[in-house]
Amino acid sequence: MALKCAKCLWHHSSQRRGGCKTMQQWWLYMLECADRSLYTGISTEPARRVHEHNTSLKGARYTRARRPVRPVLLLPAGDRASASQLEARIKRLSRRDKQLLLVALEMEKRQRPLSVWIESLTESVRHLE
């Protein structure tokens with residue numbers, strides 16, 4: 001099956017590894033570090049990225065000094081531009097506002113499954129209260 005990418009106007013086959021960068025799904029993720037600080041990032045492969053944060057020099061300098069990290073939030077963020085904008089908005093929030101956001105999204109999850117969640121979120125929010 002071939003898809004026509006609206007941004008680059010090429011027809012992409014479903015067998016092409018990774019597909020067109022303009023068609024990739026971007027994800028926003030939030031990690032809780034060993035010192036209980038929160039780190040926010042974006043990626044097209046969040047599982048690989050979390051692994052890098054925990055084990056590799058490719059992980060962010062911030063998380064390398066605060067290992068181990070564990071994911072507390074994973075949300076689909078659309079294309080790269082949308083993901084970057086969302087990441088910037090969340091990074092501007094205070095720690096308290098990020099915690100409130102996590103609690104609010106956890107409550108929304110119970111009503112509407114719009115986001116992808118990692119179940120450990122409940123545990124991490126409990127010890128923040």
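Remarks
- Hits in the stretch 79-109 - residues which are of a type in the set (K, R) and either farther than 13 Å from T40 by Cα or part of a helix (DSSP H, G or I) (or both): R80, R89, K91, R95, R96, K98, K109
- Filtered residue count, the stretch 81-99, keeping only those that are more than 21 Å from Q25 (Cβ to Cβ) and touching a Leu at 6+ places or on another chain (Cβ under 9 Å): 4
- Looking across the stretch 110-126 at every residue that is at pLDDT below 50 and outside any helix (DSSP H, G or I), the one that is farthest from P71 (Cα to Cα) is identified as L114.
- Pair list, Cβ < 6 Å and 6+ apart or interchain, from the stretch 70-96 residues that are over 15 Å from L38 (Cα atoms) to residues that are β-branched (V, I, T): A83/I42
The values are calculated or read from the model by the stated rules, or taken from the named source; none is laboratory data. Because the structure is predicted, anything quoted here is derived from the model rather than measured. Here the Cβ is made from the backbone with ideal geometry for all residues, glycine too, and neighbour counts use every protein chain on show.
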